[in-house]
Structure formats: structure tokens, C-alpha cells
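The values are calculated or read from the model by the stated rules, or taken from the named source; none is laboratory data. Treat the numbers as computed from the prediction; the structure is a model and nothing was measured. As a convention, Cβ positions derive from the backbone with ideal geometry for all residues, glycine included, and neighbour counts pool all protein chains shown. All accessible areas refer to the heavy atoms of the entire protein, side chains included, with ligands and DNA or RNA removed. Shrake-Rupley method; radii C 1.70, N 1.55, O 1.52, S 1.80 Å.
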Amino acid sequence: MKIGNRVFDLKNNCYIMGILNVTPDSFSDGGRFSSLDRALFRVEEMLGEGMDILDIGGESTRPGYTKITEDEETERVVPVIEAVKSRFDVPVSLDTYKADVAREGIAAGADMINDIWGLRYDSGEMAKLIAETELPYCLMHNRKCGEYADFFRDMVNDLHESLEIAEKAGISREKIMLDPGIGFAKSHEQNLEAVRRLAELKAEFDMPILLGISRKSMIGNVLGLPAAERLEGTIAANVVGVLGGASVVRVHDVKENARAVKMTLALMKG
């Protein structure tokens, strides 16, 4: 898959997506990178640690988050995207589910859209935009009500329905990666199951999988630790994800996870 000016071998490798939250209220690093200078310093730091793709987010999606307007989200992310693209040679993903924000972000230089609602937030505006721009797109599993008759099968069916929306809009399947949506509309046990059964998910769709589990509450629940102390748990979960076929892992701590992924791949490939 080509993202920006780089081709990624998502069938045979696993890449590191570094998180840059330009928000005041993110669950893990809220407010730390809300100034442009600090954001750019963090991008440079992550690149030096082994980041392959940068994911920029302007609205926190932690449990109980406060939704902001499209204008406010745009004002947060566009200057950062423009500054990053003018200074660094790195593919940029924009983490947004709002079509108008995505449109402005793409105009500013975003190379990919990472959508936590998997084309289900609006009435087709995001799907139309992705089809028109032909940009790579991460389609995440989510639902408004976290009630399931059969969790794994229901999650698979939800993703099939989102892919049908994409197909009807004219989005090429080769442009899409899937995200099981750890921490979204799922219980603690269901989050664990989604990671544990990642290989089954990959076999079902034969598509690249992005795993976003960094510092999330699933890890905190197991270890009894706050977000700032969940590095080891994140690494363990990502190693399981790589063994299950994840093509991209989205992380806060780039250096440590990049090393763990590199070692895991070496062991897998011999």
C-alpha cells in the first residue's frame, strides 16, 4: 500500500505508527504537544526512534470525551500537518471521523485518514471524500451500543457492513486497512478476545490490520497501572498482535515498541 511517497509491504512486515495528539484532554498525553514547537520536536524524536507513519489527532476519543466542533478540530490539526509536511519526510495519517475536517487535512497534506467510526458517522460524506481522493484509509470497528449476541461474529459482520459502504462509494479495497477498535464499544473481556483472535480476523478479510492498543484501559485493568506506566503491557499486547498478523501498530512509545516488533518479526521469519 502506498501512503504518501512511501510503499509499505503490509503483507510481510509490521510498521510503527506514532501518535501525536494535539489535544488538551487525551487520556494519555493530553496537552503535552498542543503547541506547534513541542509537536514538531516530538515528531523529530519519534522519527529518530523508528516511526514509519505519523498519526495526528485533534479530538480526544477517550471514554467520556468532550466532542468539539469541526472548526475547532480543523484549527488544531491543519497547522500541525502543514508544519510537519514542510519539515519532515514522513507519511501523515489524520485521525478524524468528520468529513469536513478530513477534507481540510488532506488539503494541508495528510496522506491517509484514520476513522474511528468506519464510514458510519455521517450519511456518506466521508466515504465520498475517500473515494474521490483515493487516499489510504483505516476503517475501525465501532458501534454506538456495546451489546453483542456473539461478540466476535458480530464484530466481523459490522466490519463487513462498513466494507460494503466503502465498496458502494467506490473505495478500492486495496486502499483500506482494518482496525478491530480496541477500547471502543467493547468490554474488558471483549478487548482481550479481539487481540487474541486477530489472526482469525485477518483470515476472514485477508486485509492489513492496524492495532491501536497503546496504554489503553485493557492494559491498565490487567496490570492495575495508570496510563503512564503501561509500556510493558503495551509491548506484550503488540507482540501478540504481530504474531496474529498486525501490519501496523499505533503507539505512544515508539522506540521500545519498534524494537519489540523488529525482534518479533525476526523470530517469526527466522
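Each residue, Asp154 and Lys67, gets one label point 7 Å from its Cα in the Cβ direction; the gap between the two is 2.2 nm. For the pair Asn12 and Phe88, the difference between a 0.36 nm per residue extended length and the Cα-Cα distance amounts to 24.8 nm.
The residues Glu204, Glu167, sorted by heavy-atom accessible surface at 1.4 Å with ligands and nucleic acids left out, run Glu167, Glu204 from largest to smallest. The accessible surface of the chain, taken with every protein chain in place and a 1.4 Å probe, is 48 percent carbon and sulfur.
Shown here for segment 83-150: GluC sites (Glu not before Pro) in loop regions (DSSP other than H, G, I, E, B) with at most 12 other Cβ atoms within 10 Å, namely Glu134, Glu147. Shape analysis of segment 39-86 yields a ratio of the Cα radius of gyration to the Kirkwood radius, Rg/Rh, of 1.04. Expressed in Å, the radius of gyration and Dmax of the Cα atoms of segment 112-270 are 15.8, 47.
Residue ranges 111-117, 264-270, 183-189 sort as 111-117, 183-189, 264-270 when ordered by packing (mean number of other C-beta atoms within 10 Å per residue, highest first).
Using C-alpha pairs under 8 Å with a sequence gap of at least 6, the mean separation divided by the residue count of segment 128-184 gives a relative contact order of 58 percent. With all protein chains kept in place, the per residue accessible area of segment 77-176 amounts to 43 square angstrom at a probe of 1.4 angstrom. Rg then Dmax, both in Å and based on the Cα atoms of the chain: 17.1, 50.
Each residue was assigned an accessible area with a 1.4 Å probe, and for Arg38 the value is about 120 Å².
For trypsin sites (Lys or Arg not before Pro), the sites in segment 68-148 that DSSP calls loop and that have at most 14 other Cβ atoms within 10 Å are Lys144. Within the shell defined by Cβ-Cβ distances under 9 Å, the residues around Leu231 carry a net charge of -2, with Lys and Arg each +1 and Asp and Glu each -1.
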